[in-house]
Amino acid sequence: MLDIESFRNEAGSYHLLRPTGELDAYTVAQFREALAEHATSGRLVVDLCGVPFIDSAGLGALIGGIRRIRENEGRVVVYCNGTTLLRLLHTTGFDRIVPVEETLEAAVGALDRDPDA
């Protein structure tokens, strides 16, 4: 099961998308739909701290969502503090296409700092 929270921060400067649960072939459609809803959000932080596992389908959905957001001139940063998931994102080279930060504050800062985010 996958739960997804989505909200705009109090200052209104970015949206936060927070999936909780496994991101796999069974839940990827729900995650893909949530990302599509943010295609024109402008600035998005994807909080993966509540995701203990992500498979290739989940990673593919994340990359596709990031591509759509960037096509609409948006910026995306991933926030993740889990050792296993961080290792996966680094090993696959995911962190070379989008900033991956270990704190929410760093992720929000990366939205301002990185023109390719």
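The values are calculated or read from the model by the stated rules, or taken from the named source; none is laboratory data. Source: prediction; values computed, not measured. Cβ sites come from the backbone with ideal geometry, for glycine too, and all protein chains shown count toward neighbours. Note: accessible area is taken over every heavy atom of the protein model, side chains too, but ligands, DNA and RNA are not part of it. Shrake-Rupley method; radii C 1.70, N 1.55, O 1.52, S 1.80 Å.
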Q: Of all residues in the range 1-24, count the ones that are closer than 19 Å to residue 94 by Cα and either among the charged types (D, E, K, R) or open to solvent by 50 Å² or more (accessible area, probe 1.4 Å) (or both).
A: 3
Q) Restricting attention to the range 66-76, does a residue exist that is open to solvent by 40 Å² or more (accessible area, probe 1.4 Å), within 11 Å of the chain's Cα centre (by Cα) and at negative phi? A) yes
**Q.** All positions within the range 1-51 that are in a helix (DSSP H, G or I), over 20 Å from residue 100 (Cβ atoms) and not small (Gly, Ala, Ser)
**A.** 30, 33, 37
Q: Kindly provide the set of residues from the range 88-101 that are open to solvent by less than 20 Å² (accessible area, probe 1.4 Å) and out of contact with any strand residue (DSSP E or B) (no Cβ under 9 Å at 6 or more places or on another chain), ordered by number.
A: 93
**Q.** Every pair of residues 6+ apart whose Cβ atoms lie under 7 Å, when the first sits in the range 41-59 and is farther than 13 Å from residue 4 by Cα while the second is among the basic types (Lys, Arg) and open to solvent by 30 Å² or more (accessible area, probe 1.4 Å)
**A.** 43/75
Q. Identify, please: which residue in the range 97-111 is in a loop (DSSP other than H, G, I, E, B) and free of Cβ contacts under 8 Å to residues at least 24 places away in the same chain and is, among those, farthest from residue 15 (Cα to Cα)?
A. 102
Q: Those residues that are out of contact with any Phe, Trp or Tyr (no Cβ under 9 Å at 6 or more places or on another chain) and over 13 Å from residue 71 (Cα atoms), I need them from the range 36-51; list them, please.
A: 37, 50, 51
Q. Across the range 77-87, what is the total count of residues that are open to solvent by less than 30 Å² (accessible area, probe 1.4 Å) and touching a Pro at 6+ places or on another chain (Cβ under 9 Å)?
A. 4
Q) Is it true that some residue in the range 76-86 is in a helix (DSSP H, G or I), closer than 18 Å to residue 4 by Cβ and of a type outside the set (A, V, I, L, M)? A) no
